[in-house]
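Some notes on the structure that comes next.
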Amino acid sequence: MKRLIALGSAILLFAIVAAWWTNSRQPKPIVLIPTLTGKPEYCLTCHSGLREISPSHPIKTFGCVICHGGEALALDKNLAHSTLRGGANPSDLSVVQENCGGSNCHSGTAADNNDHIQRVMKSVQSTYAGAIANILYTFGVEPDLTARFGIHAVTDDVITTTTGVPALQVFDPTKQTNPSVLKFAANCLNCHINAQPLPGSQFDRLTGCAACHTPLPNLGEGQGVRGQIHELTTAIPYTQCNTCHNRGNYDLRTMSFIQRTDQPTTRLQDYYQPIAQFTKCEYTLDCIDCHTRAEAMGDGDIHSSMKDIQYIQCQTCHGTPTQLPQTKTLTNPNDIAFRLAQLNPVVDLKLGDTILVTSKGEPLWNTRVLPDGTYQLVGKATGQVFTFRPVIGSGCTQNGLDQSSAYCHTCHSVQR
Amino acid sequence: MRPSFFHHLHPPTIPAKQSRWRYTLGAGGMAVFLLLVLGATGILELFYYIPTPDQAARSIQTISYLVPFGGLVRNIHFWAAQLLLIVSAVHLVRVVFTGSYAPPRRFNYLLGLALFIFAILLDFTGYVLRWDQGIQWALVVGTNLIKTIPLIGNLLYIVLTGGTQPGLPTLIRFYAWHIFGLTLGAVILGVWHIFRVRRDGGIAVPPPPLRVDKERITRKELARREVLAMLMTGAALILFAAFIPAPIAQPISDINVMAGDAKAPWFFLWVQQMLKWGDPFTWGVFVPLIVLAVLALIPYIFPKPADSELGKWFPRSNRSAQIILAVIALLIIVLTIFGSLPAS
């Protein structure tokens, strides 16, 4: 019996050592107490290698949970991730209000320029209202091109433009009978930021805010990097815009998307589709160097077409043969231009600088009027410095009222 | 060596034949050991557990992942609780299959049965204290079952949950029952049960004139066997705890929105399976109570085992009790297996 007890003791000792061993193999918890919540989070135990998402969201201030959800105290992967809001992408529009919203964050007011979420929810980028309205009108379902349906239902109580519509209902394909509309619903509802992208690395993007603000490196098929990208930026390169734009055309006869078939290797070839006409600045600059936040994210109104919101023209920067472009001297330290420049510090904007502004007064904060009357633009994504002149003083004879790109492209277009 | 206090808890000598493993299965002693382990680990958990709906599941995450060896302590508490139900059931089966419940041990049989019920209730209340999505279904369905009891169901529900739906009062009540009410009851019943084992003449054996094997072992030998059993049970608990963690799930976000698995804890799977057959009161309350009543009545309605047959397995004289218990046990096992299968 004593031998048995000795053996039993040895077995118990073995069990204790085994328990000690498994316990020592557990990850050593790494705690973070973000100042905004004051509550401990242990996400960094596993995610210590992740880069800080952006200078505007310092991890010591925000931590992880305030944006992502999740179980802050759990060190088991499945449990820790069980309450994530939006999985790996908290900016998906289905959860964006909870994750990125709040009056101090991205669902503030238009007055303080923090109404990003409200604007994006009404924008054609998320409603796809323009394409839906076009198709419904083309196939005789609706009497005109006014948008009535969107990917999600949305209402607008304060309409500030002439093209704004008060509300959209959900576009419900089951209520449609026209075969072409049904085909459209089946084949073409991919080009909005609620939708998962089409297969293929050229389409690879996330949804929601991250569709634009989290550029994915184009590493080709099956590289499995999406979950590892932890970045939000306002320096969005044209390649990110091109995960949706310039990728091909919709064929109205077959109601299907025909992908571009060229395999571009240079920026000149890659930027636009082969059929497109464009000038030098249109492919050397990035899209966001000209197109403003209101154009990209919406101006707070629900519009029936992309055209209603796209208003940047060649004259915005270059003026016309009779008029200089509009400018503004920065005298207010709270000017939105400073905030935008701080978010993407490619320029050192100072009080007293004179910058170009759009016809709606939006600051083109990456431009500057130089003392000699020429202009400078710094690429938001590249940091490249460009200088350019106004039309006045050139040999241009274009009528100042005919400023759509087609007119300018008559003379100014690039051959590739 | 002078006998210690631990030795004094035992009779000076006991019959050798009836103190063999293959006779007692060591189940009663193991149950006592497991209760002690549960008490010790439970006290440690008390320092970190927070009994509020919004904090409970997170405090268990704290115990499981952040407190040094907290996960091990919680896992031991969990596995000891599961093992307690199994050894209690084995003990019950052994007592019936050896006819040991015969007078004068009838009352102690009832005490033991009551202890078993307390162990099940302790297990269920402890399970609910997790207050995560893993227990949500069982909590809601289990407490709703109370409402189906005629006349007093709604009152009982309010007494149990402290409201019209599970919430903070429910958690506090389950907590109070778990760490105080049921534990105190189990300690009293347990001490009484052990006292009655001695008072009723120790382990059941034939009266001296009929006893064939008169060999006895000393309490030191008995104590050694108990120590061996404790060492092995302790090692098993620690190994289980080290390699198979106790269940944990995400916190309940809304008690009215069912999430997680629609599964009862394993010891109630047989009841869950019967609930599929129809009326919740009949299958969820009435039939389990009938089963309990039959178990309680075994010493009173079945023929008393012959004195000469005491102290050995399967005495001929109480076959009917053995068959009834075997049928009940088999049905519960089969229903539990069916209940554990994934819903089709």
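Couple of notes before you dig in:
- Here is the figure for segment B:66-83: residues that are within 8 Å of another protein chain (Cβ to nearest Cβ), in contact with a Ser or Thr (Cβ under 9 Å, 6 or more places away or on another chain) and without any contact (Cβ under 8 Å) to a residue 60 or more places away in the chain total 0.
- Residue in segment A:304-312 that is open to solvent by 20 Å² or more (accessible area, probe 1.4 Å), more than 16 Å from A:Tyr375 (Cα to Cα) and more than 21 Å from the chain's Cα centre (by Cα) present: no
- Sole residue being closer than 25 Å to A:Ser54 by Cα, surrounded by 15 or more Cβ atoms within 10 Å (Cβ to Cβ), outside the structural domain of A:Ala210 (by TED's automatic domain parsing) and aliphatic (A, V, I, L, M), chosen from A:Ala195, A:Ala110, A:Ala80: A:Ala80
- When residues in segment B:35-59 are screened for being crowded, with 19+ Cβ neighbours inside 10 Å, touching a strand residue (DSSP E or B) at 6+ places or on another chain (Cβ under 9 Å) and more than 9 Å from chain A (Cβ to nearest Cβ), 1 of them pass.
- When A:Gly208, A:Gly300, A:Gly319, A:Gly248 are checked against the criterion of being in contact with a Pro (Cβ under 6 Å, 6 or more places away or on another chain) and open to solvent by less than 60 Å² (accessible area, probe 1.4 Å), A:Gly319 stands alone in meeting it.
- Meets criteria (more than 14 Å from chain A (Cβ to nearest Cβ) and under 21 Å from B:Thr24 (Cβ atoms)) for B:Asp307: yes
- Count of residues meeting criterion [assigned to a helix (DSSP H, G or I), over 16 Å from the mean Cα position of the chain (by Cα) and not aromatic (Phe, Trp, Tyr)] in segment A:235-274: 4
- Count of segment A:18-45 residues, restricted to those that are under 21 Å from B:Phe243 (Cβ atoms) and open to solvent by 90 Å² or more (accessible area, probe 1.4 Å), is 5.
- Residues in segment B:222-268 that are away from every other protein chain (no Cβ under 11 Å) and outside any loop (DSSP other than H, G, I, E, B): B:Trp266, B:Phe267, B:Phe268.
- Residues that are at the interface with chain B (Cβ under 7 Å from one of its Cβ atoms) and either within 17 Å of A:Leu232 (Cβ to Cβ) or in contact with an Asp or Glu (Cβ under 7 Å, 6 or more places away or on another chain) (or both), drawn from segment A:66-82: A:Leu79, A:Ser82
- Of all residues in segment A:83-100, those being more than 14 Å from chain B (Cβ to nearest Cβ), touching a helix residue (DSSP H, G or I) at 6+ places or on another chain (Cβ under 7 Å) and closer than 28 Å to A:Ser48 by Cβ number 8.
- Check on B:Leu325, more than 30 Å from B:Pro15 (Cα to Cα), at pLDDT 95 or above and in a helix (DSSP H, G or I): no
- For segment A:359-367, the criterion of a residue being part of a loop (DSSP other than H, G, I, E, B), without any contact (Cβ under 8 Å) to a residue 40 or more places away in the chain, over 23 Å from A:Ser56 (Cβ atoms) and more than 25 Å from the chain's Cα centre (by Cα) is satisfied by no position.
- Selection from segment A:333-345 of residues that are surrounded by fewer than 19 Cβ atoms within 10 Å (Cβ to Cβ), in contact (Cβ under 8 Å) with a residue 12 or more places away in the chain and part of a loop (DSSP other than H, G, I, E, B): A:Pro333, A:Asp335
- Test for A:Asp372: is it over 22 Å from A:Tyr271 (Cβ atoms), open to solvent by 60 Å² or more (accessible area, probe 1.4 Å) and assigned to a loop (DSSP other than H, G, I, E, B): yes
- Filter pass, A:Leu145 being under 16 Å from A:Leu168 (Cβ atoms), of a type outside the set (Phe, Trp, Tyr) and open to solvent by less than 40 Å² (accessible area, probe 1.4 Å): no
- Of the residues making up segment A:242-257, those that are more than 19 Å from A:Arg205 (Cα to Cα) and of a type outside the set (Lys, Arg) are A:Tyr250, A:Asp251, A:Leu252, A:Thr254, A:Met255, A:Ser256.
- Residue selected from segment B:220-277 under the condition among the β-branched types (Val, Ile, Thr) and surrounded by fewer than 19 Cβ atoms within 10 Å (Cβ to Cβ), by the criterion farthest from B:Ser340 (Cα to Cα): B:Val227
- Residue among B:Leu331, B:Leu295 that alone is touching a helix residue (DSSP H, G or I) at 6+ places or on another chain (Cβ under 9 Å), open to solvent by less than 50 Å² (accessible area, probe 1.4 Å) and not in a loop (DSSP other than H, G, I, E, B): B:Leu295
- A:Gly63 meets the conditions (1) surrounded by 15 or more Cβ atoms within 10 Å (Cβ to Cβ); (2) within 9 Å of chain B (Cβ to nearest Cβ) in every case but one. The failed one is (2).
- The residues in segment A:1-13 that are open to solvent by 80 Å² or more (accessible area, probe 1.4 Å) and more than 7 Å from every other protein chain (Cβ to nearest Cβ) can be counted, and the count is 4.
- Among residues of segment B:141-166 that are assigned to a loop (DSSP other than H, G, I, E, B), those with a beta-carbon under 8 Å from a residue that is aromatic (Phe, Trp, Tyr) at least six positions away or on a different chain give the pairs B:Thr148/B:Phe281; B:Ile149/B:Phe281; B:Pro150/B:Phe281.
- Scope segment B:193-215; condition crowded, with 17+ Cβ neighbours inside 10 Å and either more than 27 Å from the chain's Cα centre (by Cα) or within 14 Å of chain A (Cβ to nearest Cβ) (or both); matching residues: B:Pro206
The values are calculated or read from the model by the stated rules, or taken from the named source; none is laboratory data. Quick caveat, the model's predicted, so the values are computed rather than measured. Positions of Cβ are backbone-derived with ideal geometry, glycine not excepted, and every protein chain shown enters the neighbour counts. Note: accessible area is taken over every heavy atom of the protein model, side chains too, but ligands, DNA and RNA are not part of it. Shrake-Rupley method; radii C 1.70, N 1.55, O 1.52, S 1.80 Å.
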